[in-house]
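Trainee: Mind having a look at this structure? Questions to follow.
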Amino acid sequence: MAVGKVTFTKVEREKLAEVLWLLNWISVVTGVILFGLGLFLKIEIQKWQEVMSEHGILYVPHMLITTGLAAGCINFLGGKICLDCADTNKFLRWKLVMMPYVICTFFFTSCILVGALMCYSIRGQLEESLFLGLRNAMQYYKDTDTPGRCYLKRTLDLLQMQFHCCGNNGYRDWFQVQWISNRYLDMSSRAVEDRLRSNVEGKYLMDSVPFSCCSTFSPRPCIQQQVSNSSAHFNYDPQSQQRNLWRRGCRQALLDHYTSIMQSIGLTVLLIWLFELLVLTGVRYLQTAMENVLQLGDPDSESDGWILEYSLAETARSNFNIIKNLGKCYQADNDPNINVPTVPVEQEVPSLHIQIPTTS
């Protein structure tokens, strides 16, 4: 029994073809939107890629860009095909193309769904990438004269000021890295020398943070040196410390920023997928209805259209049998030459008995 069987008159087939022509042109626009969303997401990720580890998170925007281009090209061709399918004679030109076109449409429609799901599932991978990338960037913050790292100080300062964040998980992360270059330290000072010797790795660690961690909403001058020593500052209340330093970590700030973008893009892509699924269903109905008209031989008669010619179980069983029998064409079970007894060589050529006459 066919799945989703619908009977179409000639007028209904023509209207269906015209509507699908319009929907395919709208699908070209949605393909451009997909391309634009992928390009926008790629640019947003590349803005702060310097503070991310080398994880392949760019596959999501690349997926959207590729799918958008494919959707635009396929739907551009689909508009021409659907418009010609309103006429039975013109449909003959596209009869052999219709099934590959439906398969390609189904494929890129599935890719759109995968792209939407990726937008919601990338959060964990993005969080790990930001954690590792920010940790490495903070360690190289002081290397302003090292080629390949000199830009990290500027990047981290811009990040902390723009997103109102400090450190990886919080401002205390700066206490665990040497973020001041040795060239700015007075190596002749006994205090500096003792601090360098007190660390196993010879790093100059202190309870201070860069200036970019200072809150712009602070009612007093920012306390960025000896942050954990309340006695070193006049009238300093550690409980109100959030008024001086940003308390949120940059990993969480960037993660929230990208999550909001991903959720908006994912919802848009999901709506586009539903629209493309509607177009795919209409094209399938048009294809089967026109093929049945050709079988009936009367262009003005009614014809049936369906999504699947047989039930889901029968279709799955039939496809399984086709796949299972693909290799049987190379087997020799039905070879008529098999199991045929062979004649020994000595039996094929009869022996010649030559009689030699005897003399008396």
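Trainee: Looking at the range 277-285, can you tell me whether even one residue there is among the small types (Gly, Ala, Ser) and at pLDDT below 85?
Mentor: Looking for residues that are among the small types (Gly, Ala, Ser) and at pLDDT below 85, one finds none in the range 277-285, hence no.
Trainee: Residues of the range 45-54 being part of a helix (DSSP H, G or I) and open to solvent by less than 20 Å² (accessible area, probe 1.4 Å), which ones?
Mentor: Matches in the range 45-54: 45, 51.
Trainee: Confirm whether residue 286 is within 28 Å of residue 114 (Cβ to Cβ) and touching a Cys at 6+ places or on another chain (Cβ under 7 Å).
Mentor: yes
Trainee: Could you check the range 1-21 and list, in sequence order, the residues that are in contact (Cβ under 8 Å) with a residue 40 or more places away in the chain, open to solvent by 30 Å² or more (accessible area, probe 1.4 Å) and either in a helix (DSSP H, G or I) or over 27 Å from residue 296 (Cβ atoms) (or both)?
Mentor: Within the range 1-21, 10, 14, 16, 18, 19, 21 qualify.
Trainee: Search the range 147-176 for residues that are hydrophobic (A, V, I, L, M, F, W, C) and pair each with any residue that is in a helix (DSSP H, G or I) and open to solvent by 70 Å² or more (accessible area, probe 1.4 Å) when their beta-carbon atoms are under 7 Å apart and the residues are at least 6 apart or on different chains.
Mentor: Close Cβ pairs satisfying both conditions: 152/50.
Trainee: Sticking with this structure for a sec: I'd like the residue in the range 228-255 that is open to solvent by 60 Å² or more (accessible area, probe 1.4 Å) and assigned to a helix (DSSP H, G or I) and, out of all such residues, is modelled with the lowest pLDDT.
Mentor: Across the range 228-255, the extreme among qualifying residues is 242.
Trainee: I'd like to verify a number: residues in the range 16-45 that are under 15 Å from residue 279 (Cβ atoms) and not hydroxyl-bearing (Ser, Thr, Tyr), how many?
Mentor: So the answer is 16.
Trainee: OK, next. Just a yes or no: is a residue in the range 106-116 outside any helix (DSSP H, G or I) and either farther than 25 Å from residue 263 by Cβ or open to solvent by less than 30 Å² (accessible area, probe 1.4 Å) (or both)?
Mentor: Taking every residue of the range 106-116 in turn, none turns out to be outside any helix (DSSP H, G or I) and either farther than 25 Å from residue 263 by Cβ or open to solvent by less than 30 Å² (accessible area, probe 1.4 Å) (or both).
The values are calculated or read from the model by the stated rules, or taken from the named source; none is laboratory data. Keep in mind it's a predicted model, so treat the numbers as computed, not measured. So basically every Cβ, Gly included, is an ideal-geometry build from the backbone, and we count neighbours across all protein chains shown. Side chains are part of the model used for accessible areas, which takes the heavy atoms of the whole protein and leaves out ligands, DNA and RNA. Shrake-Rupley method; radii C 1.70, N 1.55, O 1.52, S 1.80 Å.
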